[in-house]
Amino acid sequence: MASTLWRGVRGSLRYVQLVLITVAWGIPLYVVTLAKLAVPAQGWRDRCTMGVLWIAAHWLTAILAACERAGNIRWDVRGVEGLNKNARYMVLSNHKSWVDIIAIEQVLHPRIAYIAFFLKRELLWLPIVGQACWALDFPFMKRHSPEYLAKHPEARADDLETTRISCQKMANKPLNILNFAEGTRFTRVKHDKQESPYRHLLKPKTGGFAFTLSAMGNIFDALLDVTIAYPERIPTMWDLVSGQIREVIVDVRQRRIPPEFFEGDYLGDEDFRARFQAWVHELWQEKDELMEQLLNRPQAQTS
């Protein structure tokens, strides 16, 4: 009882700390964002974006430090040797929990340039965070249900066009791109509903990934294939701030991106689409096998 109460107090205090950090860095962020809005000149907006990027990097560092102090997490990190802050990476990861973003940043933020990622359009209105992501030119996507896309197939092309435009904006900025290829967090219900051929993963959505590569051009030095595993159970953000996560495994593998995938018509060229899907399927099969090994190793099992 006492330990449960203490976890509740500690988690609540940590949440308050995260809010205070966000507010403290949010004030200068709003000032620079408003300055970006006030002057439409592209050169000025690019300078403001760099200012927001500097603020966001320090904000993220403070958030990660607070999360690290939240509990004694054992970080099992693999494959980060040789990463370069001056390189440009396409980061591809599985998606289990909201904690994934913290885990990826905890491992990669000290080692590579700032990471941008795709967001649901609704998050644009999230105080401070949404505006920061807008000021950094993060792509905001409108998620459509399979039922909606079946009735309005043109919406799929609209989303891919949004991806293309957003990626072109980010191409000349010192940003890496994170893609959760599954498009949503893993649950057993989702896994069974889509009849996924993988044991620990949902089916990857390859269209947005393909468009990101082609829209940004041949600027990526490598693909960072990230696999995140939680040996005990899939955690929540509350588990993180209340110190209930014991171990996180993050495996990073640098891979060469086949040059042909920086070009090609994913929607119009069936052969190209088939080759791209086969490549991603091979990555996902290997990732699924790796997760099987990580989750079933003797030291990861609990009584």
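Values as computed for the structure displayed
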| quantity | calculated |
| --- | --- |
| Among the residues listed as 15, 30, the single one being hydroxyl-bearing (Ser, Thr, Tyr), within 25 Å of the chain's Cα centre (by Cα), part of a helix (DSSP H, G or I) and within 17 Å of residue 133 (Cβ to Cβ) | 30 |
| Residue match in region 235-252 (condition: at pLDDT below 95, polar (S, T, N, Q) and not in a loop (DSSP other than H, G, I, E, B)) | no |
| Residue satisfying all of: in region 204-237; of a type in the set (D, E, K, R) and in contact (Cβ under 8 Å) with a residue 60 or more places away in the chain; surrounded by the most Cβ atoms within 10 Å (Cβ to Cβ) among these | 225 |
| Any hit, region 58-78, residues being part of a helix (DSSP H, G or I), at negative phi and touching a Lys or Arg at 6+ places or on another chain (Cβ under 7 Å) | yes |
| Region 248-261: number of residues that are buried (at least 16 other Cβ atoms within 10 Å of the Cβ) and either farther than 20 Å from residue 218 by Cα or free of Cβ contacts under 8 Å to residues at least 60 places away in the same chain (or both) | 6 |
| Residue in region 215-223 that is over 30 Å from residue 19 (Cα atoms), part of a helix (DSSP H, G or I), modelled with pLDDT under 90 and not β-branched (Val, Ile, Thr) present | yes |
| So residue 119, is it in contact (Cβ under 8 Å) with a residue 24 or more places away in the chain and surrounded by 13 or more Cβ atoms within 10 Å (Cβ to Cβ) | no |
| Given (1) modelled with pLDDT of 95 or more; (2) polar (S, T, N, Q); (3) in a helix (DSSP H, G or I); (4) touching a helix residue (DSSP H, G or I) at 6+ places or on another chain (Cβ under 6 Å), number of the condition residue 285 does not satisfy | (4) |
| Qualifying residue in region 57-69 (condition: modelled with pLDDT of 90 or more, more than 19 Å from residue 177 (Cα to Cα) and touching a strand residue (DSSP E or B) at 6+ places or on another chain (Cβ under 6 Å)) | no |
| Number of the exception - residue 100 against (1) surrounded by fewer than 17 Cβ atoms within 10 Å (Cβ to Cβ); (2) modelled with pLDDT of 75 or more; (3) out of contact with any helix residue (DSSP H, G or I) (no Cβ under 8 Å at 6 or more places or on another chain) | (1) |
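The values are calculated or read from the model by the stated rules, or taken from the named source; none is laboratory data. Just so we're clear, the structure is a prediction, and the values are computed from it rather than from any experiment. Note that each Cβ is placed from the backbone with ideal geometry, even for glycine, and that neighbours are counted across all protein chains shown.
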